[in-house]
Structure formats: structure tokens, C-alpha cells
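Asker: Handing you a structure now.
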Amino acid sequence: MKDRGFLLVFIFLSSILVLFLTVPLIKLFLSVGFPNIFQTMQDKEVYDSIFLTLKSAFYAVVFVCITGIPLAYIIARYDFWGKSMFEAILDIPVMVPHTAAGIALLIAFSNGYFDFIDTTTGIVSAMMFLSAPFLINGAKEGFKKVDVRYEYVARTLGANRFRVFFSIALPNARNDLINGALMMWSRGLGEFGAVVIIAYHPMVAPVLIYDRFNNFGLKYSAPVAADMILVSVCIFLAIRFVNNRVKQ
Amino acid sequence: MLKVKNLFLKKGDFVLHKLSFEIKENSYFVLLGQTGSGKTMLLESIAGLQSIEGDIYFNGKDITNLPPEKRNFGFVYQNFLLFPNMNVKDNITYSAKFKKIKDKDELFDDLVDFLHIKNILQRDIKHLSGGEKQRVAIARAIYSRPRLLLLDEPLSAVDPTFRNSIMKSLKDLIKRYNITILHVTHNFREASFLADRVAVMIDGEILQMGGAYEVLNEPKNIKVARFLGFKNVFPTSILGFNQKDKFFTVDPNRIKFGDEKKEDLYCFACKIENVLGISDHYKIFARVGDEVFFCKVHESVFDGKILKEGDETNIYIDKKDVTFI
């Protein structure tokens, strides 16, 4: 009986949050209607914008996989002077206002050495700056969960440091790495504040939604928003499904 | 074969104090020590997994700065650490990806047969018992054809009913695979069964080293005696000697009660503090001055004496049963 009361209270409180998180999305899809969602998807501007968003977020994830995973491994495996401070610095992008991050990136990189303003490079940089900590932190936690002695054993069996990393550390931290990459990617998809400062054009989906809302109102921006959410959720679920199948 | 010279390592609270010892080829060397005495760290140092001061030589060659993958030493940890992302067979053959293994197919078949793991080769390591994990970990290490096998408490996570058979298998590894074994444990029964030579390590220091029988039966140090479970460790002043900081020990089974007085016996007046009946024998705690002797008396001997708590009597010990520390 006591358990039942406890569960009822917790389920009630949880339901409030679940409803808050899902109702706006359901309402968006219902108000736009699926015929309208699919029709908007065929609009070249919308299609290009969603594709650009997915592509830029993916590039950002790839770049941080190559550079951030070694960084996460170093943090997870080694103690060094100022490590806590260093970790805090890596988390700063999560805390700063996104428009401020956009301004900082603009000042740092719009120096004429490479095309930054209104380019895919600029968009990728903005997404990467603000979402990289999600992948780095995910990978760091993943590596910490892998007992370092697995790597020791592998070395006594003849594997050098690189081979140990690729055959032991990486596969055993895989779930956290994929979760971190998905978090970073999805965070990148939604990036608006920093992107809009650096590259209004070509328009990523969040900028297009904002642009249509400003110029044509809710009726024209809502289908684009619904399309973007639908595509993101489908890709997100597909990756999780594939990961779970591989795990089995 | 393996020569460790002045090995020093400090890591957190652990310190290895300038350890020096040698292990002969094709021998079984057991390093005995309490939990937390630095045994695992010593094995990791020998395997090249810790940065150390001092020197390590193998077959006369200085290997102190050689990376672990070039030393060709096998390592089996206490909890076996089978790679979770591989099944049993892939775990065993992992080393074949990185080095050339002589007669690897014959070796694999022989290991599978010797360690009785044929029926679990395709199994996920999550579904193995402690004993199975241990056999797979040993197979994985031996498959890499190591020159020296380092075993870190390999029997502590194994069901006690299988320990004897596994100990026999461990002993057989030396001849069968032409290797040398360094085994660390806190269990001196393991040491007495397995070891050709034993070293006792306490708080990062090797306090005694020698033949297994000698070390386990004739401790040279009071810390070693206490660690090895010697019960009656007392200062020699009780026996009438004047040397300070000298101790002796006597087996609880060798202490007798009665009034017998002979030249070759030590005899002390005592007061019985406690008598515990344990199936076929009695445990008796007898106070002699400031010390309490622990004695084990077989039922048949004890029955006639009718000793009970508070009785005053004599204990006597044959001089040949006294071991000086």
C-alpha cells in the first residue's frame, strides 16, 4: 500500500513534466497537419535548409570526434596540474549566451585568412563551439568507466598504445561516445544564436524558421519547424536502433 | 632469469622500498603479502606498466625502460579482466593480432584442452563463472607465449571447491608451456602448495625470502611470523634469555599441560583463562605472566585433565619445538 502511494505521487509529478515536454510538439504536428508537413518538405528552400543543418551539425561532430575524443581520453586517463580548471574551461561554451559566443567567434576568426562569414565553415564552427562539450564530456565519462587495467592487459599481450586505444578503450566506451555524439549533433541542429551572428545566409533551419516567422508569421514558420523536428527525431531514433542492434 | 635490483616506486600512499630479488628460469616464485602491501604494484612495475626507479634485468638484458608490449610477460589480474567487447575465443587469441605466435593453432587446441574451455569458446564473457573466467584469462596470457607469467591473486575470485584442481593446473603450466611464474597472494596455503621459492612482502618491503618450506616454517622476523599465522610469538625473556627484541614461537599443538619437569622442557606456571571445545579438540588460552599462550589439545589427551577456566597448572614445551625468530 505504501509503495502504491509513493508511486502515485511520483508518477503524478513526472507526468506534469512529460506533458510539458510533449504537448507543444504534438500540438505543433496536429496544428500543421501531416499533408502540410510533407508538402513543405518539397519546398526547395526548406529542403536545402534542413539538409544544410544536418550536414553542418554532422561535420561539427566528425571534427570533434577526431579532436575531442583524444582530448577526453587524456582527461579521463591522466592527472595533471590544473586539470579541474582545464575541464571547467572546456565547459564554458555551454554556459555563455549563444549570441555572445557568435560574437567571440566572429572576432577570433573573421580575419581574412579563410571564408568564415556567411559560409558553411562559419556555421560548422558556431555549432561546434557550443556543442563540443557534450561529446567531450560523454566520451570522458565513457573512458572513465573502462578499467585502465584492461588496457594494461592488452599491452602485455603485445598491443601498442594506439592499438590498445582502438581495440579496447574505444569499443568499450562506445555507448557513451555515441550518446555524446548524438547529444552534440542534436544540440548543433538547434543552434541559432551563434549561427545567426556568423551566417544568416545560407540559412540553416532554425534561421529559416525565425526568418519566416518574422516576415510571414506563424502559419509559414510552423511547417518548417515540424519538418525539422520530424527529420531530427527520425535520424536520432535510427542511430539508437542501429546501436542497440550492434550491441546485441 | 629475472633480476630486480633496488626497485623503488611511490604512488599515493603506496611505496615499494628498493626491492631486490631474483627468479630462476622455469621456477614458481610466490610473493606473499597482505592486501595493500604493494604486491599488484610490484607486478605492474615488472610488466612495465609503472614508472620506477631501479633496474630490472631479464636474461641479463636491461628491460627497465622497455614498454610492456615488448617485454613478453603475461599478466593475469585478480578479477581476470577479460575484454568485455570480445567473446571467449577472441579474448584468448587477442595477442595474435599484434605478434607472431609460434604454432598458434596447436597451442590454442592444447590450451583449450588443458584448461577445459572447449564448450565456452563462443560464449560472451558476461556469462562465465569465476572459475571459467580464470581459465580463460590464463589461456589468453599463455597463448601469447610469455617468457614470464605474472599472476595477481589468481585464486581469490574462484570458488574454494575448485581451488585445489586449479592450483595443480597452475603448477603444471611451468613444464607444459616452458614458462616461469611469479604469483602474488596473501594466502600462505597457496604458497606452500605452489612455490619453489617464497618472498614475504609487508608494507612495500621484502622481509624474508627463500625456499618455500624455510620461509613458511622458520620466520626470521616477528612481522613475518605474525603474517604467516604463527600464534604464540613471545619475547625470549620468558625462556630466560637476556637478549632484547628477540622472539620465539611455538606451535599450539606442541604445548602440553601437566607437572612433568625435565631438562629438555620449558615449563611455566599458568592460569587457564578460557577453554573452548571445538569438535575433536579444545582451544585453551593459558596466561603466563603478561603473555597468553594459545594451545590446542586433542580431546583424548584433554579428557583426563579436566581443565577449566581459573585453574592453575603448568604448561610445558619441548625445547626442540621452539623456533627462534
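We did not get these values from a lab; they are worked out from the coordinates using the rules stated. Note that the coordinates shown come from a computational prediction; the quantities given were computed from them, not determined experimentally. Virtual Cβ from ideal backbone geometry, glycine too; neighbours counted across all protein chains shown.
Asker: Put +1 on the Cβ of each Lys and Arg and -1 on the Cβ of each Asp and Glu in the range A:97-239; which of A:ALA154, A:GLY142, A:ALA104 then has its Cα farthest toward the positive end of the dipole?
Answerer: A:ALA154
Asker: So if we plug the beta-carbon distance of B:HIS116 and B:LYS262 into 1/(1 + (r/R0)^6) with R0 = 45 Å, what FRET efficiency do we get, rounded to 0.05? Numbers along the way, then the final one.
Answerer: Values: r = 56 Å, r/R0 = 1.25.
For R0 = 45 Å, the calculated efficiency reads 0.20.
Asker: A further question follows. All other residues with a Cβ under 13 Å from the Cβ of A:ARG212 taken together, and with Lys, Arg as +1 and Asp, Glu as -1, what is their net charge?
Answerer: On the way: positive: A:LYS219; negative: A:ASP43, A:GLU45, A:ASP211, A:ASP227.
Net of charged neighbours comes to -3.
Asker: A further question follows. Assign one of three labels to chain A, namely rounded, prolate or oblate, based on the Cα gyration tensor with a ≥ b ≥ c the square roots of its eigenvalues; rounded applies when a/c is under 1.5, prolate when it is not and a/b is larger than b/c, and oblate otherwise.
Answerer: Values: a/c = 1.94, a/b = 1.28, b/c = 1.52.
Oblate shape, in that a/c is at least 1.5 and b/c is the bigger or equal ratio.
Asker: Another one. So for the range B:57-128, considering every pair of alpha-carbon atoms, how many percent are separated by more than 15 Å?
Answerer: Numbers: 1665 of 2556 pairs.
Result for the distance tail: 65 percent.
Asker: Picking from B:LEU182, B:LEU19, B:LEU276, which is most flexible by a Gaussian network model of chain B using Cα springs under 10 Å?
Answerer: Of B:LEU182, B:LEU19, B:LEU276, the most mobile in the Gaussian network model is B:LEU276.
Asker: Given chain B, what percent of its DSSP beta bridges are antiparallel, to the nearest 5? Spell out each step's value before the answer.
Answerer: On the way: 52 of 71 bridges.
Just about 75 percent of them are antiparallel.
Asker: Kindly express, to the nearest 10 degrees and within the range 0 to 90, the angle between helix B:104-114's C-alpha long axis and the longest C-alpha principal axis of chain B.
Answerer: On a 0 to 90 degree scale, this one is about 30.
Asker: Another question about this same structure. Using a simple charge model, +1 on the beta-carbon of Lys and Arg, -1 on the beta-carbon of Asp and Glu, nothing else, what dipole does the protein assembly as shown show about its Cα centre, in debye to the nearest 20? It would help to have the intermediate numbers written out before the result.
Answerer: Values: 70 positive and 60 negative charges, 172 e Å.
Charge dipole, the protein assembly as shown, about its Cα centre: 820 debye, nearest 20.
Asker: Also, I was wondering about something else. For a 19 Å ceiling on Cα separation, which of these pairs sit above it: B:LYS231/B:LYS320; B:LYS220/B:LYS256; B:LYS283/B:LYS308? Write down the numbers at each step before the final one.
Answerer: Values: B:LYS231/B:LYS320 17 Å; B:LYS220/B:LYS256 25 Å; B:LYS283/B:LYS308 11 Å.
Violating the 19 Å Cα-Cα cut-off are B:LYS220/B:LYS256.
Asker: What shape does the range A:1-122 take by its C-alpha gyration tensor, where a ≥ b ≥ c are the square roots of the eigenvalues and a/c under 1.5 counts as rounded, a/b above b/c as prolate, and the rest as oblate?
Answerer: Details: a/c = 2.61, a/b = 1.17, b/c = 2.23.
Oblate, because a/c is 1.5 or more while a/b does not exceed b/c.
Asker: Kindly write out, for the range A:21-29 in residue order, the coupling ³J(HN,Hα) from the Karplus curve 6.51 cos²θ - 1.76 cosθ + 1.60 (θ = phi - 60°), rounded to whole Hz, with x marking Gly and Pro.
Answerer: Once rounded to whole Hz, the list reads 7, 9, 4, x, 5, 4, 4, 4, 5.
Asker: Where in the range B:215-257 is the amide nitrogen less than 16 Å from a point lying 7 Å along the Cα-to-Cβ axis of B:VAL322?
Answerer: Flagged as within label range: B:232-252, B:254-256.
Asker: So, one more: Could you work out, residue by residue across A:203-212, how many beta carbons of other chains sit within 10 Å of that residue's beta carbon, and then give the average as an integer? It would help to have the intermediate numbers written out before the result.
Answerer: Details: counts 0, 0, 0, 0, 0, 0, 0, 0, 0, 0.
For this peptide, the per-residue mean of nearby foreign Cβ atoms is 0.
Asker: With charges only on Cβ, +1 for K and R and -1 for D and E, what is the dipole size of the range B:76-226 about its Cα centre, in debye, rounded to 20? Could you put the intermediate results ahead of the total?
Answerer: Details: 24 positive and 19 negative charges, 59 e Å.
The dipole of the range B:76-226 has a size of about 280 debye.
Asker: About the Cα centre of chain A, how large is the charge dipole given +1 on each Lys and Arg Cβ and -1 on each Asp and Glu Cβ? Please answer in debye to the nearest 20.
Answerer: Details: 21 positive and 16 negative charges, 208 e Å.
Once rounded to the nearest 20, the dipole reads 1000 debye.
Asker: Arrange A:ASP115, A:ASP176 by Cβ neighbour counts within 10 Å, fewest through most, would you?
Answerer: Values: A:ASP115 12, A:ASP176 21.
Ordered from fewest to most neighbouring Cβ atoms within 10 Å, A:ASP115, A:ASP176 come out as A:ASP115, A:ASP176.
Asker: Under 1.5 on a/c is rounded, so check that first for chain B, then, if it is not, pick prolate when a/b is larger than b/c and oblate when it is not; a ≥ b ≥ c are the square roots of the alpha carbon gyration tensor eigenvalues. Spell out each step's value before the answer.
Answerer: Values: a/c = 3.02, a/b = 1.92, b/c = 1.57.
Here chain B falls in the prolate category.
Asker: Still on this structure: Which listed residue (A:PRO171, A:PHE20, A:THR119) has the Cα farthest towards the positive end of the charge dipole for chain A, taking +1 on Lys and Arg C-beta and -1 on Asp and Glu C-beta about the Cα centre?
Answerer: Among A:PRO171, A:PHE20, A:THR119, the one farthest towards the positive end of the dipole of chain A is A:PRO171.
Asker: What's the average, rounded to a whole number, of partner chain beta-carbon atoms within 10 Å of each residue's beta-carbon in B:71-84? The partial results should precede the final answer.
Answerer: On the way: counts 3, 3, 1, 3, 7, 2, 5, 1, 2, 1, 7, 2, 9, 6.
The per-residue average across the peptide is 4.
Asker: Now a separate question. Say each of B:LYS244 and B:THR313 gets a label point 7 Å from the Cα, pointing the same way as Cα to Cβ; how far apart are those two points in nm?
Answerer: Placing both labels 7 Å along Cα→Cβ, they lie 3.7 nm apart.
Asker: Ordered by residue, what ³J(HN,Hα) values in Hz, to whole numbers, does the range A:148-164 give under the Karplus form 6.51 cos²θ - 1.76 cosθ + 1.60, where θ = phi - 60° and Gly and Pro are x?
Answerer: So the J values, rounded to whole Hz, are 4, 6, 4, 5, 4, 4, 4, 5, 5, 8, x, 7, 7, 4, 5, 5, 5.
Asker: How much of the DSSP bridge set in the protein assembly as shown is antiparallel, in percent, rounded to the nearest 5?
Answerer: On the way: 52 of 71 bridges.
Beta bridges within the protein assembly as shown, antiparallel portion: roughly 75 percent.
Asker: Can you give the FRET efficiency for B:VAL288 and B:ASN221, using 1/(1 + (r/R0)^6), R0 = 25 Å, r = Cβ-Cβ distance, to the nearest 0.05?
Answerer: On the way: r = 23 Å, r/R0 = 0.94.
The formula returns an efficiency of 0.60 here.
Asker: Using +1 at the C-beta of Lys and Arg and -1 at the C-beta of Asp and Glu, which of B:ALA137, B:CYS295, A:SER31 has the Cα lying farthest in the positive direction of the dipole of the protein assembly as shown?
Answerer: The residue sitting most towards the positive pole is B:ALA137.
Asker: Hey, with R₀ at 25 Å, roughly what FRET efficiency would A:TYR78 and B:LYS10 work out to, going by the Cβ-Cβ distance, to 0.05?
Answerer: On the way: r = 18 Å, r/R0 = 0.71.
The formula returns an efficiency of 0.90 here.
Asker: Any idea how far apart A:LEU237 and A:ASN36 come out in nm if each label point goes 7 Å out from Cα toward Cβ?
Answerer: 2.2 nm
Asker: Then there's this: Return the sequence-ordered ³J(HN,Hα) values of the range A:215-223 in whole Hz as given by the Karplus equation 6.51 cos²θ - 1.76 cosθ + 1.60 applied to θ = phi - 60°, using x for Gly and Pro.
Answerer: 8, 10, x, 4, 4, 8, 8, 4, x
Asker: Hey, how many Å between the Cα centroid of the range A:200-248 and the Cα centroid of the range B:219-296?
Answerer: Here the two parts' Cα centres lie 83 Å apart.
Asker: Near the amide H of A:TYR200, under 5 Å away, which other amide H atoms are found, from residues 5 or more places off or on another chain, if H is placed in the peptide plane?
Answerer: A:ASP118
Asker: Would you mind counting up the charge near B:LEU16? Only other residues with Cβ under 14 Å from its Cβ, with Lys and Arg at +1 and Asp and Glu at -1. The partial results should precede the final answer.
Answerer: Values: positive: B:LYS5, B:LYS10, B:LYS11, B:LYS18, B:LYS39; negative: B:ASP13, B:GLU44, B:GLU53, B:ASP55, B:ASP203, B:GLU205.
So the surrounding residues net to -1.
Asker: Oh, and also: Going by average Cβ density within 10 Å per residue, which order do the peptides B:283-289, A:148-154 take, highest to lowest? Walk me through the numbers on the way to the answer.
Answerer: Details: B:283-289: 17.6, A:148-154: 21.0.
Result, highest mean first: A:148-154, B:283-289.
Asker: OK, next. What chymotrypsin sites (Phe, Trp or Tyr not before Pro) in the range A:1-98 are in a loop by DSSP, with at most 11 other Cβ atoms within 10 Å of the Cβ? Please report the intermediate quantities before stating the final value.
Answerer: Working: sites: A:PHE6, A:PHE10, A:PHE12, A:PHE20, A:PHE29, A:PHE38, A:TYR47, A:PHE51, A:PHE58, A:TYR59, A:PHE63, A:TYR73, A:TYR78, A:PHE80, A:TRP81, A:PHE86; in loops: A:TYR78, A:PHE80, A:TRP81.
Answer in residue order: A:TYR78, A:PHE80, A:TRP81.
Asker: Over the C-alpha atoms of the protein assembly as shown, what are the Rg and the largest Cα-to-Cα span, Dmax, in Å?
Answerer: For the protein assembly as shown, the Cα-based Rg and Dmax read 34.9, 117 Å.
Asker: Rounding to the nearest 10 and keeping the result within 0 to 90°, find how far the Cα-based axis of helix B:160-177 lies from the longest principal axis of chain B.
Answerer: Helix B:160-177 sits at roughly 60 degrees to that axis.
Asker: Considering only DSSP states other than H, G, I, E and B, which trypsin sites (Lys or Arg not before Pro) in the range B:1-102 qualify as loop sites with at most 12 other Cβ atoms within 10 Å? If you can, show how the numbers build up before the last one.
Answerer: On the way: sites: B:LYS3, B:LYS5, B:LYS10, B:LYS11, B:LYS18, B:LYS24, B:LYS39, B:LYS61, B:LYS70, B:ARG71, B:LYS89, B:LYS97, B:LYS99, B:LYS100, B:LYS102; in loops: B:LYS24, B:LYS99, B:LYS100, B:LYS102.
Answer by residue number: B:LYS24, B:LYS100, B:LYS102.
Asker: How would B:MET86, A:MET128 line up from fewest to most surrounding beta-carbon atoms within 10 angstrom?
Answerer: The order, fewest Cβ neighbours first, is B:MET86, A:MET128.
Asker: What percent does the relative contact order of chain B come to when contacts are Cα pairs within less than 8 Å and at least six residues apart? It would help to have the intermediate numbers written out before the result.
Answerer: On the way: 615 pairs, mean separation 55.5, N = 325.
With pairs under 8 Å counted, the relative contact order is 17 percent.
Asker: Any chance you could give the angle, 0 to 90 degrees and rounded to 10, that helix B:130-143 forms with the longest Cα principal axis of chain B?
Answerer: Once rounded, one gets 50 degrees.
Asker: Could you line up B:ASP103, B:ASP311 from fewest to most neighbouring Cβ atoms inside 10 Å? Show your work: numbers first, answer last.
Answerer: On the way: B:ASP103 10, B:ASP311 16.
Taking fewest neighbouring Cβ atoms as first place, the list is B:ASP103, B:ASP311.
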